[in-house]
Amino acid sequence: MRRVLVLNGPNLSRLGSREPDVYGTTSYDELVAACRATAAELGLDVDVRQTDDESELVGWLHDAADGAIPVLLNPAAFTHYSYALRDACAQLRAPLVEVHLTNPATREEFRHTSVVAGVATGTVAGFGIDSYRLALRALAAQP
Ligand code: DQA
């Protein structure tokens, strides 16, 4: 079974209670369950993780690079300024889909820049937890 890593950056564990007007009321646990259900449908072996720690996220990306494992990444706020994360993503050898619940392009100016987008295979943004479902489908369809 093809392995996929779903990696979530800072504050995403707070989904459900975090700014519900912006991010909705779906909890992080529900997001994890939705990823697992979609992965099962697609025949993917999914490992869903979250961290608030940049170095931990970089370490997971190194493991994905070494193992040539496809990655679905919601870098959260790191999207907009973490060159360390970008450089770790650049080392990946399997497809990378950048995912966002919201559409950062419609939000504050500082969210309009993604330092990750330039090294991602593609980006899915703006569809709430469906962004993750769509991204998993995109990864499953990659050769
Ligand atoms: C986010 C968008 C980011 O700008 C923000 O910092 C997040 C979540 C999203 O999924 O919409 O934490 O990545």
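The values are calculated or read from the model by the stated rules, or taken from the named source; none is laboratory data. Worth saying up front: this structure is predicted, and the values here are computed from it rather than measured. Cβ placement follows ideal geometry from the backbone for every residue including glycine, while neighbour counts extend to all protein chains displayed.
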Test result for L85, away from the ligand (no atom under 15 Å from the Cβ) and in a helix (DSSP H, G or I): no
Hits in the stretch 1-27 - residues which are under 17 Å from L136 (Cα atoms) and under 14 Å from the mean Cα position of the chain (by Cα): V4, L5, V6, L7, N8
All positions within the stretch 126-136 that are under 23 Å from D63 (Cβ atoms) and either modelled with pLDDT under 95 or more than 10 Å from the ligand (Cβ to nearest atom) (or both): A135, L136
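Filter the stretch 67-79 down to residues that are part of a helix (DSSP H, G or I) and crowded, with 17+ Cβ neighbours inside 10 Å and give me whichever is farthest from the ligand (Cβ to nearest atom).
F78
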Complete set of residues in the stretch 14-50 that are of a type outside the set (A, V, I, L, M, F, W, C) and part of a helix (DSSP H, G or I): R14, P20, D21, Y23, Y28, D29, E30, R36, T38, E41
Residue under evaluation N74, criteria (1) over 15 Å from D130 (Cα atoms); (2) in contact with a helix residue (DSSP H, G or I) (Cβ under 7 Å, 6 or more places away or on another chain), criterion not met: (1)
Hits in the stretch 108-143 (condition: under 23 Å from A84 (Cβ atoms) and more than 12 Å from the chain's Cα centre (by Cα)): E108, E109, F110, R111, H112, T113, S114, V115, G118, V119, T121
Failed condition for G24, given (1) touching a helix residue (DSSP H, G or I) at 6+ places or on another chain (Cβ under 8 Å); (2) at pLDDT below 95; (3) among the small types (G, A, S): (1)
Scan of the stretch 88-125 for residues that are among the hydroxyl-bearing types (S, T, Y), within 16 Å of the ligand (Cβ to nearest atom) and surrounded by 15 or more Cβ atoms within 10 Å (Cβ to Cβ), ordered by number: T102, S114, T123
Any hit, the stretch 51-66, residues being out of contact with any Asp or Glu (no Cβ under 6 Å at 6 or more places or on another chain), within 26 Å of M1 (Cα to Cα), more than 15 Å from the ligand (Cβ to nearest atom) and outside any helix (DSSP H, G or I): no
